[in-house]
Amino acid sequence: MERLEWDQSLLIGIEKIDAQHRKLFELANLFFESLAMTKGPGLRHPILRRLVAYVRTYFADEEDAMRRMGYPEVDAHIDRHKAMTGHIHELIRQWDNGQSVDADALCRFLRQWLSEHIGIEDKKIGTFYNAQNTSVSAESTPNTI
Ligand SMILES: [Fe+2]
């Protein structure tokens, strides 16, 4: 499975969230590597759990940021987060129950989700935030939330 490559086009312009996105890419790549190295759940399972735990923290932070800035599409965005976590938890549950999980399909899902969600939906948050910020004052606080 090819690595997920980070590039500048994925920056949304909010420092904390951008840092979390990079970390998500790192963890996803670690997971892809673990799949390539082992066939059984031994190594890949804890790495997937670590990724999911990080996703949960990151979603909570991003949702908090959206609420504080008064982002108008907050509810729809949170629904997308819920759909993502629901899908992953279902796969983990299948794994825990000893059902076979299509690892390639899971990787494709993660890859597509991370790139599209960050590149399209999260970017809208950054655009909104930075428009608000520049309209308040050109000398306002740096782009951190
Ligand atoms: Fe998001």
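What follows draws every value from the coordinates through simple rules; no lab data is involved. Computed from a prediction, not measured in an experiment: that's the story for all the values here. Methodologically, a virtual Cβ is constructed for each residue, glycine included, from the backbone with ideal geometry; neighbour enumeration extends over all protein chains shown.
Summary table below
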read-out	value
Residues with amide H under 5 Å from that of Leu11, placed H, sequence gap 5 or more	none
Whichever aspartates and glutamates have a C-alpha closer than 15 Å to that of Lys123, once near sequence neighbours (fewer than 8 apart) are set aside	Asp7, Glu15, Asp18, Glu62, Glu63, Glu73
Principal-axis tilt of helix 123-136 within the chain, Cα atoms, nearest 10 degrees	20
The chain: angle of helix 41-69 to the longest principal axis, Cα-based, in degrees nearest 10	20
Where labels lie 7 Å past Cα in the beta-carbon direction, separation of Asp104 and Glu63 in nm	3.4
Euclidean distance of C-alpha centroids, the range 87-135 and the range 14-28, integer Å	12
Segments 94-102, 27-35 sorted - mean Cβ within 10 Å per residue, highest first	27-35, 94-102
Charged-residue dipole, Cβ positions (Lys, Arg, Asp, Glu), the range 39-113 about Cα centre, Debye nearest 20	340
Dipole of the chain [Lys/Arg +1, Asp/Glu -1 at C-beta], most positive-end residue of Tyr71, Ser34, Met84	Ser34
Helical mean residue ellipticity (222 nm; -39500 (n - 2.57) per DSSP H run of 4+; nearest 500) of the chain	-24500 deg cm²/dmol
